[in-house]
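First up is the structure itself, then whatever we jot down about it.
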Amino acid sequence: AMLAQCLADLGGIEQFVKPGQSVVIKPNITANAPADTGGTTRLEVVEALLRQVLRCQPGRVVIAEGTGAFGTTLETAFPTGGWRELAARYNVELYNLDGGPHDEIMIEKPRYPHPLPFSRLVRECDVFITVPCLKTHINADYTVSLKNSYALIPQWKRSEIHAQFLLEEALVDINRIRKPDLTV
């Protein structure tokens, strides 16, 4: 009910999702931690969002997360937490963003000085909805919702960026490549 009211305050989910569109929903599943740790999006929130999105009769709905720590195939994505059951219940896809494909992107006037391998799925979808957790980060203080898009680049690049101490610069560019259409 709370999510429905929030969306109604924005004009309804229909302001964001139209019939036939492809929709990518990106939760935050940090190290497969339980939601009560504060690092993982609550399954119930994504389920409520899914019900809203599906009312709009989209052509394709994908729940996507970069789960490279568990492997890069679909079989290694969303290992626990009820995500696979959720996808089966609503007949939507699960997608491991770390499995690619990715396209090398270099934006105009970048903050991060190198090309970023960026998820083709997210670049090409009609609607990108991010469902982050409000949290902090040791290298960037408050990331609010911006860091949830970090998984739009593969794990090996995320590790490289952390080692370069260029997280904030990369986050700016990642969110310039594909800004979310809706942040829940």
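The values are calculated or read from the model by the stated rules, or taken from the named source; none is laboratory data. None of the values given here were measured: they were computed from a predicted structure. Backbone-built Cβ (ideal geometry, glycine too); neighbour counts: all protein chains shown. We work out accessible area using only protein heavy atoms, side chains counted, and drop any ligands, DNA or RNA first. Shrake-Rupley method; radii C 1.70, N 1.55, O 1.52, S 1.80 Å.
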DSSP bridge pairs, the chain: antiparallel proportion in percent, nearest 5: 30
If I ignore ligands, DNA and RNA and count only protein heavy atoms, how much of CYS125 is accessible to a 1.4 Å probe, in Å² to the nearest 10? 10
Percent antiparallel among DSSP beta bridges with both residues in region 75-184, to the nearest 5? 75
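Give me the percent of Cα-Cα pairs in region 38-140 that sit more than 23 Å apart, rounded to a whole number.
36
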Can you give the angle from 0 to 90° between the axis of helix 167-177 and the longest principal axis of the chain, with both taken from C-alpha atoms, to the nearest 10? 50
Could you name the lysines whose alpha carbon sits less than 23 Å from that of LYS18, not counting residues in the same chain fewer than 8 places away? LYS26, LYS179
Rolling a 1.4 angstrom probe over the protein chains, ignoring ligands and nucleic acids, what is the accessible area of ASP181 in square angstrom, nearest 10? 70
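With N denoting the number of residues in the chain, provide Rg(C-alpha) divided by 2.2 N^0.38 Å, to two decimal places.
On the way: Rg = 15.7 Å, N = 184, 2.2 N^0.38 = 16.0 Å.
Output field value: 0.98.
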Relative to the longest principal axis of the C-alpha atoms of the chain, give the angle of the C-alpha long axis of helix 155-164, reported between 0 and 90° and rounded to the nearest 10°. 50
Rounded to the nearest 10, the angle in degrees between the Cα long axis of helix 43-55 and the longest principal axis of the Cα atoms of the chain comes to 60
Once you put a point 7 Å from the Cα of TRP156 and another 7 Å from the Cα of GLN57, both along the Cβ direction, what distance in nm separates them? 4.4
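Would you mind calculating the gained length between ALA163 and HIS114 on full extension (0.36 nm times residue separation, minus the Cα-Cα distance), in nm to one decimal?
Values: separation 49, 0.36 × 49 = 17.64 nm, distance 1.40 nm.
That pair, ALA163 and HIS114, stretches by 16.2 nm at full extension.
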In debye to the nearest 20, how big a dipole does region 1-146 give about its Cα centre with +1 on each Lys and Arg Cβ and -1 on each Asp and Glu Cβ? 180
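Work out the P(r) tail for region 1-92: percent of alpha carbon pairs separated by more than 22 Å, whole number. Don't skip to the answer; put the middle values down first.
Details: 1282 of 4186 pairs.
Every Cα pair in region 1-92 considered, those over 22 Å come to 31 percent.
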Which of ALA170, PRO27, LEU7, positive extreme of dipole for the chain (C-beta unit charges): LEU7
For the chain, build the charge dipole from Cβ charges (+1 Lys, Arg; -1 Asp, Glu) around the Cα centre, then report which of CYS133, VAL92, GLY71 sits farthest towards its positive end. VAL92
At 222 nm, what helix-only mean residue ellipticity would the chain give, in deg cm²/dmol to the nearest 500, using -39500 (n - 2.57) for each DSSP H run of four or more? -8500 deg cm²/dmol
Restricted to Cα positions, what overall size does region 83-184 have along the principal axes? Three whole-Å values, descending. 42, 28, 24
